[in-house]
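Asks: Here it is, the structure in full.
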Amino acid sequence: RSAVVTVTSHNPGTVPAQNLTLSGNGFGAELTLVAPAGGALVFGAVTVGTPAQLPVTLRNDGNADLTVSSITFSRPEYTLQSPLPTINPAQQGTVNVQCLPTARGPVPAATMTINNNSYNQPARVINLSCSGQNGELRTNPVTVDFGNLAFGMMATRTFLLENIGELPVTINTGASVI
């Protein structure tokens, strides 16, 4: 860039105005989000208690190193699974983000913030979404009454087990209750 500064003097016998031309080049890191496209990291359906990871890719379009100083998350279900990068000019860097849902259903709305030294996006915010899924059994009826049984007697009752979750449930047989 260049600019002109005009210096004016009010002293008698001096040049009344002098133009001074300034020029220079800007120096700094410039953050560009490469992935996820659209600026939102969408994990989709994730099994409860089983972590899923997705990458976030950053590019430095500036002429100085891009240093990521911290990455913070608004919800505890999300964590960073890689070191904080320093990205050279005209290079890319990737960090891995993990979602670990603790219950069935959507994780409440969340964001991650990438704090860095870029001049254009020093606190880049990315929206996050994840939904927990699992198998879940429901019985019908909820309680089964065996009545009063004398020692050594057996009784049979019928009830329905229904999987109301999103994933299959494995039922092991042969167990007895004492």
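The values are calculated or read from the model by the stated rules, or taken from the named source; none is laboratory data. Computed from a predicted structure; not experimentally measured. Glycine also receives a Cβ, built like all others from the backbone with ideal geometry; neighbour counts cover every protein chain displayed. Each accessible area value is taken on the protein alone, full model and side chains, heavy atoms only, with ligands, DNA and RNA left out. Shrake-Rupley method; radii C 1.70, N 1.55, O 1.52, S 1.80 Å.
Asks: Would you list the strands (runs of 3 or more DSSP E) that sit entirely within the stretch 87-178 and hold 3 or more residues that are over 29 Å from the mean Cα position of the chain (by Cα) and either farther than 25 Å from V46 by Cβ or not charged (D, E, K, R) (or both)?
Replies: Values: elements: 92-99, 110-116, 123-133, 137-140, 160-163.
Of the strands (runs of 3 or more DSSP E) lying wholly inside the stretch 87-178, those with at least 3 residues that are over 29 Å from the mean Cα position of the chain (by Cα) and either farther than 25 Å from V46 by Cβ or not charged (D, E, K, R) (or both) span 137-140, 160-163.
Asks: Here is a follow-up. Quickly run through the stretch 8-32 and pick out the residues that are farther than 23 Å from L58 by Cβ, among the small types (G, A, S), within 53 Å of the chain's Cα centre (by Cα) and not in a loop (DSSP other than H, G, I, E, B).
Replies: The answer is S23, and nothing else.
Asks: For the stretch 61-80, enumerate the residues that are within 18 Å of R124 (Cα to Cα), among the polar types (S, T, N, Q) and in a loop (DSSP other than H, G, I, E, B).
Replies: S74
Asks: Quick one: is A52 within 30 Å of V169 (Cα to Cα), open to solvent by 20 Å² or more (accessible area, probe 1.4 Å), in contact (Cβ under 8 Å) with a residue 60 or more places away in the chain and in contact with a Phe, Trp or Tyr (Cβ under 7 Å, 6 or more places away or on another chain)?
Replies: Working: within 30 Å of V169 (Cα to Cα): yes; open to solvent by 20 Å² or more (accessible area, probe 1.4 Å): yes; in contact (Cβ under 8 Å) with a residue 60 or more places away in the chain: yes; in contact with a Phe, Trp or Tyr (Cβ under 7 Å, 6 or more places away or on another chain): yes.
It is true that A52 is within 30 Å of V169 (Cα to Cα), open to solvent by 20 Å² or more (accessible area, probe 1.4 Å), in contact (Cβ under 8 Å) with a residue 60 or more places away in the chain and in contact with a Phe, Trp or Tyr (Cβ under 7 Å, 6 or more places away or on another chain).
Asks: Within the stretch 61-80, identify whether any single residue is among the charged types (D, E, K, R), closer than 17 Å to A109 by Cα and crowded, with 16+ Cβ neighbours inside 10 Å, and answer yes or no. It would help to see each step written out before you state the result.
Replies: Residues of the stretch 61-80 that are among the charged types (D, E, K, R), as a first pass: 61, 65, 75, 77.
Subset that is closer than 17 Å to A109 by Cα: 75, 77.
From what is left, the residues that are crowded, with 16+ Cβ neighbours inside 10 Å are 77.
Yes: the stretch 61-80 contains one or more residues that are among the charged types (D, E, K, R), closer than 17 Å to A109 by Cα and crowded, with 16+ Cβ neighbours inside 10 Å.
Asks: Before we move on, is S23 touching a Leu at 6+ places or on another chain (Cβ under 7 Å) and either loosely packed, with under 14 Cβ neighbours inside 10 Å or more than 30 Å from G132 (Cβ to Cβ) (or both)?
Replies: Values: touching a Leu at 6+ places or on another chain (Cβ under 7 Å): no; either loosely packed, with under 14 Cβ neighbours inside 10 Å or more than 30 Å from G132 (Cβ to Cβ) (or both): yes.
Criteria not met by S23.
Asks: Taking the stated definitions as given, is L58 within 11 Å of the chain's Cα centre (by Cα) and either surrounded by fewer than 14 Cβ atoms within 10 Å (Cβ to Cβ) or assigned to a strand (DSSP E or B) (or both)? Full working, then the answer.
Replies: On the way: within 11 Å of the chain's Cα centre (by Cα): no; either surrounded by fewer than 14 Cβ atoms within 10 Å (Cβ to Cβ) or assigned to a strand (DSSP E or B) (or both): yes.
When the stated conditions are applied, L58 does not pass them.
Asks: Take F151 and tell me if it is among the aromatic types (F, W, Y), touching a Lys or Arg at 6+ places or on another chain (Cβ under 7 Å) and exposed (fewer than 15 other Cβ atoms within 10 Å of the Cβ).
Replies: Values: among the aromatic types (F, W, Y): yes; touching a Lys or Arg at 6+ places or on another chain (Cβ under 7 Å): no; exposed (fewer than 15 other Cβ atoms within 10 Å of the Cβ): yes.
Here the answer is no, as F151 does not meet what is asked.
Asks: Is it the case that T158 is at negative phi and open to solvent by less than 40 Å² (accessible area, probe 1.4 Å)?
Replies: On the way: at negative phi: yes; open to solvent by less than 40 Å² (accessible area, probe 1.4 Å): no.
Here the answer is no, as T158 does not meet what is asked.
Asks: Could you tell me whether G39 is open to solvent by less than 40 Å² (accessible area, probe 1.4 Å), within 12 Å of the chain's Cα centre (by Cα) and modelled with pLDDT under 95? Please lay out each step first, then the result.
Replies: Details: open to solvent by less than 40 Å² (accessible area, probe 1.4 Å): yes; within 12 Å of the chain's Cα centre (by Cα): yes; modelled with pLDDT under 95: yes.
In short, yes.
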